[in-house]
Amino acid sequence: MASQVLVAANRGPLSYALAADGTLSARRGGGGLVSGLSAALAEQPGAVWICAALSDADREAVRRGVAEPGVRMLDIDPEVYDDAYNGIANSVLWFLHHHLYDVPREPVFDAGFRRQWQSYTAYNEAFAAALAEEAAPGATVLIQDYHLALAPGRLRELRPDLRIGHFTHTPWASPDFLRMLPEDIRGQLLWGMLGADQVGFHTGEWGAEFIRGADIDDATGRATGVLGTGGPQGVEHRRYAADGSGPAEHRFTEMARYPLGVDGDELRALAHRPEVDAKLAALRERTHGLKTIVRVDRTELSKNILRGLLAYRELLTVHPEWRGKVVHLASAYPSRQDLRVYREYTQAVAELAASVNEEFGTADWQPVLVSVEDDFARSLAVYRLADVALVNPVRDGMNLVAKEIPVVSEAGCVLVLSTGAGAYAELREDALTVNPYDVTETAEALHAALSMPTAERADRTKRLAAAATALPPAQWLTAQLDALRNA
Ligand code: G6P
C-alpha cells in the first residue's frame, strides 16, 4: 500500500544478524539519529522508512524477503555501497562539512574519485526509485543527511507531485570548502539538494552556509541564495530540462532550522532502568568519590578527543591540586573502522590516554578511564555520575550528548562546550564555552567547572535541561512534515 509519509536514511531502524545455522534475527539499529527518528516515526501511522542494507546479513534478509512493517531495505551492490558510503559520504562529504581535511595532502579528486561519485549517484538513484515507488500521490518525503544529497533532485524528476524535504544532521561546509569540489560535482550536489522544497538544518548558521554556497550558474541553470531577515530564506533557482527543451523551471527551496532536542521523560526513564543502576553502582565503585569529567563519543575525528585529553593533561599540570581528586571517564567507541584515518585516530586516542596515565597515575589513582564499548546503558550511567561534561568537537551538526547529559545528571553537571557544536546556539548561556583548538582555554574551563559552587551548577543544569528538551524528536519530525504540507 502506498504511503503518505516516507523517510529515507542510510541507516535503518533495525539491522540483522546471521547465526551460524543460517537463522536471521533483527536488532535495533545504532546511532542517535536512528533512536530519535524511530520514536518519532512510530507516531505516524503507515509511515515507511527506506534504508540501505548495511551488511551481508541485511542483504540476506532482503533476499529472503524478511520484512518488518514500515521498513524497506535496499539491497545495493556491496561495491557500489562501499564507494558511496566509505568513499564519498564518509571520506569526502563528511570531511568537507566538518572541515577535516589536512589540506597539504587532501582532498585529491582524481579518476578514482570520479568512479566513486558514479557509485554515489547510483546509490542515490536507488533511494529515489524506491521512494517514487512507495509514495502515495502528494505524499510527504523526508530525506536524511549527506549520504542522500542527490536523492531529492532525482525524486523530483520521477515524482513532481511529492512534497520533498531534506534534513542535514551535520554542519554544512563553508562556501570555501564546498568550492574544493570539482565545479561540475559541486553543481550536481547542489542541484540534488535543491530538488527539495525545504532543506532543514540544526542551526541557522549551517543553513546560512548552505545558502551562501548555493550560487550556481552553469549550463543547466542558475541558483542564487536569498539570505536576509524577515521573509523566507533559501535559494531561488531556474533550471532547464535535461534535454534543454522548454522554459526553465522556476522554484524556491526554503531553508529552515529545526534544532533537534531530546525527549526528557523518555531519557530519564531509560536512565533509571535496573540495568543502568547496576552499571552506575559499578562505576561508583571504580571512581570512589572522585570528581568526574566525562565524555561520550564515537571515536570520530570531528569530536576532538585528542585535544580533550591534552586539556586534561594541562589541567593536571597547571592545577596539580586536582591530582588524585578527579577522574576522566572517556567513552570513545570505535566508528567507521573501514577507514584507515579512523583506525589511526582510535589508536592515537588510546596512546595519548595511556601516556597521561603513565605521567600522572599512582598506585591508587588512574587519571583516565577509557571505554570503547558502544553500550547506551553504560553511557547513561556515566551521564548520571557526571560532575563535568566535556563536549569539545571542532565542528558538529548538533551534538546530542551535550543535551542528554544535563537532563540525566544527578548532582547537576557543568557543561564545557565547544563553540563549534550546533548545540552551542541553544546552550551557550549556561555552558562554559571554549574554542575547540584552544587547549589552554579548555583546561581552564575544566578547572572552573570542577570548582563551581553546587548551587550555581544546579541552576545552570536546570536551564540547560530545559533548553535541551525544547524540541523533542516527535515534534521535530511533525514540525517538518507540517511545514512541507502547508508550503
Ligand atoms: C552522524 C550522521 C548520521 C550517522 C551517524 C553515525 O550523526 O549525521 O547520519 O548515522 O553520524 O555514523 P555512521 O556512519 O556510523 O552511520
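Got a sec? Which of Ser3, Ser38, Ser55, Ser15 is without any contact (Cβ under 8 Å) to a residue 60 or more places away in the chain and in contact with an Asp or Glu (Cβ under 9 Å, 6 or more places away or on another chain)?
Unique residue meeting the criteria: Ser15.
Using the structure shown, decide if Gly87 is under 26 Å from Phe210 (Cβ atoms) and either out of contact with any strand residue (DSSP E or B) (no Cβ under 8 Å at 6 or more places or on another chain) or modelled with pLDDT of 95 or more (or both).
In short, yes.
Output yes when any residue across the range 36-48 is at pLDDT 95 or above, within 16 Å of the ligand (Cβ to nearest atom) and closer than 20 Å to Ala129 by Cα, and no when none is.
Taking every residue of the range 36-48 in turn, none turns out to be at pLDDT 95 or above, within 16 Å of the ligand (Cβ to nearest atom) and closer than 20 Å to Ala129 by Cα.
Test each condition in (1) under 18 Å from His98 (Cβ atoms); (2) without any contact (Cβ under 8 Å) to a residue 24 or more places away in the chain; (3) part of a loop (DSSP other than H, G, I, E, B) for Pro160 and report the one that comes out false.
(1)
Going by what's in this entry, would Glu125 be described as away from the ligand (no atom under 16 Å from the Cβ) and touching a strand residue (DSSP E or B) at 6+ places or on another chain (Cβ under 9 Å)?
Values: away from the ligand (no atom under 16 Å from the Cβ): yes; touching a strand residue (DSSP E or B) at 6+ places or on another chain (Cβ under 9 Å): no.
No: the conditions fail for Glu125.
Please go through the range 157-167 and give me each residue that is surrounded by fewer than 22 Cβ atoms within 10 Å (Cβ to Cβ) and within 16 Å of Leu190 (Cβ to Cβ), ordered by number.
Glu157
Keeping to the range 133-149, report how many residues are buried (at least 17 other Cβ atoms within 10 Å of the Cβ) and either charged (D, E, K, R) or more than 16 Å from the ligand (Cβ to nearest atom) (or both). I'd like the intermediate steps shown before the answer.
Looking only at the range 133-149, we keep the residues that are buried (at least 17 other Cβ atoms within 10 Å of the Cβ), and these are 134-135, 139-149.
With the extra rule that they be either charged (D, E, K, R) or more than 16 Å from the ligand (Cβ to nearest atom) (or both), the set shrinks to 134-135, 139-141, 145.
The total comes to 6.
Looking at Glu249, Glu344, which is the one that is out of contact with any Ser or Thr (no Cβ under 6 Å at 6 or more places or on another chain), within 30 Å of Asp197 (Cα to Cα) and open to solvent by 60 Å² or more (accessible area, probe 1.4 Å)?
Checking each option against the conditions leaves just Glu249.
Spot the failing condition for Ala61; the list is (1) buried (at least 17 other Cβ atoms within 10 Å of the Cβ); (2) within 15 Å of the ligand (Cβ to nearest atom), and only one is missed.
Result: Ala61 fails condition (2) only.
Please state which one of Val439, Val408, Val414 is in the same structural domain as Pro320 (by TED's automatic domain parsing), modelled with pLDDT of 95 or more and within 10 Å of Asp387 (Cα to Cα). Give the derivation first.
Numbers: Val439 fails: within 10 Å of Asp387 (Cα to Cα); Val408 fails: within 10 Å of Asp387 (Cα to Cα).
On inspection, the qualifying residue turns out to be Val414.
How many residues does the range 2-33 hold that are outside any strand (DSSP E or B), more than 20 Å from Leu484 (Cα to Cα) and more than 10 Å from the ligand (Cβ to nearest atom)?
Count: 7.
Which strands (runs of 3 or more DSSP E) does the range 166-256 wholly contain that include 3 or more residues that are more than 16 Å from the ligand (Cβ to nearest atom)?
216-218, 221-226, 234-239
Suppose we filter the range 438-460 for residues that are open to solvent by less than 30 Å² (accessible area, probe 1.4 Å) and either part of a loop (DSSP other than H, G, I, E, B) or touching a strand residue (DSSP E or B) at 6+ places or on another chain (Cβ under 7 Å) (or both); how many remain?
7
Quick check on the range 367-398: of everything there that is more than 21 Å from Ala282 (Cβ to Cβ) and open to solvent by less than 10 Å² (accessible area, probe 1.4 Å), which residue is farthest from the ligand (Cβ to nearest atom)?
Here the residue is Leu390.
For the range 278-329, what are the residues that are assigned to a loop (DSSP other than H, G, I, E, B) and more than 16 Å from the ligand (Cβ to nearest atom)?
Matches in the range 278-329: His288, Gly289, Leu290, His319, Arg323, Gly324, Lys325.
Just need a number here: residues in the range 87-115 that are within 16 Å of the ligand (Cβ to nearest atom) and not hydroxyl-bearing (Ser, Thr, Tyr).
The number of residues fulfilling the criteria is 13.
Enumerate the pairs (first residue in the range 70-87 and in the same structural domain as Pro45 (by TED's automatic domain parsing) and under 9 Å from Ala53 (Cβ atoms); second residue anywhere and open to solvent by 40 Å² or more (accessible area, probe 1.4 Å) and away from the ligand (no atom under 15 Å from the Cβ)) with beta-carbon separation below 6 Å, excluding pairs fewer than 6 apart on the same chain, so at least 6 apart or on different chains.
Met73/Val62; Asp75/Val62
Determine whether the range 414-437 contains at least one residue that is surrounded by fewer than 24 Cβ atoms within 10 Å (Cβ to Cβ), of a type in the set (Phe, Trp, Tyr) and part of a helix (DSSP H, G or I).
Yes, the range 414-437 has at least one match.
The values are calculated or read from the model by the stated rules, or taken from the named source; none is laboratory data. As the structure is a prediction and not an experimental result, all values here were calculated from the model. Positions of Cβ are backbone-derived with ideal geometry, glycine not excepted, and every protein chain shown enters the neighbour counts. The area values use the complete protein model at the heavy-atom level, side chains included, leaving out ligands, DNA and RNA. Shrake-Rupley method; radii C 1.70, N 1.55, O 1.52, S 1.80 Å.
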